[in-house]
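Below is one structure; the comments refer to it alone.
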């Protein structure tokens, strides 16, 4: 009986011991699992923390760069404002100077317009004078003009009286014949009134060269054309025309107005031209 009770008590104790071991083992496993979970969570948190630290550093770097850019932009803005102010001042000064120049130019243009008006009026007066001289010469020499011995032309204020040599000179001679003096006299009164123009007397010949005894007086047509123009010039001076307005020129055969191969052409080339030209 006693033995049975012993085994019963021993069995109970074993059961109680086994039961305690099972409870302890279960708690341990649970704690291990909890520890593993915490370890894993800690590892993940450490990785996340490290990543966040890197992101924070990158953000700080970016922030620093942005601050630097802002500082540079602020400096550039200040510099640009200074440049703009300087340019604005320069432009204002230039505008002021240009306005002054425009005002001066307007005054000058007004004066120039006045001068132009005066010159145009003076030119018109001179044209009238030349036209008046032209009309007077036409009237005084209408017979010679009708016979084709004299032509009078007016072009751009230049008046020219063309006289065939035959009405002034005998062939091969330079002295003005009496009939020629009468023709020249018809122009004297009109030419006396010419004061703003110079009176140039030109001698011209044809291409026929001087031969025989005349060569002693006129070796070439140069001498003949010069002698004729000088004699006409001297006569005009003797009639009271101011010698300061007179000049003589010789062109020989080198300024023809017609064909020297015909008799008519040669007659036209033998001539005296009295031209009103601008004074030097």
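The values are calculated or read from the model by the stated rules, or taken from the named source; none is laboratory data. The shown structure was predicted, so the numbers you read here are calculated from the model rather than taken from an experiment. Heads up, the Cβs are rebuilt from the backbone with ideal geometry, glycines too, and the neighbour counts pull from every protein chain shown.
Some values worked out for this structure:
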read-out	value
Answer residue from the range 251-278, given it is farther than 22 Å from residue 175 by Cβ and touching a helix residue (DSSP H, G or I) at 6+ places or on another chain (Cβ under 8 Å) and is modelled with the lowest pLDDT among those	276
Condition check for residue 265: surrounded by fewer than 18 Cβ atoms within 10 Å (Cβ to Cβ), more than 46 Å from the chain's Cα centre (by Cα), assigned by TED's automatic domain parsing to the domain that holds residue 148 and not in a helix (DSSP H, G or I)	no
Criterion: modelled with pLDDT of 95 or more, surrounded by 14 or more Cβ atoms within 10 Å (Cβ to Cβ), in the same structural domain as residue 164 (by TED's automatic domain parsing) and out of contact with any strand residue (DSSP E or B) (no Cβ under 7 Å at 6 or more places or on another chain) - qualifying residue of 228, 234	234
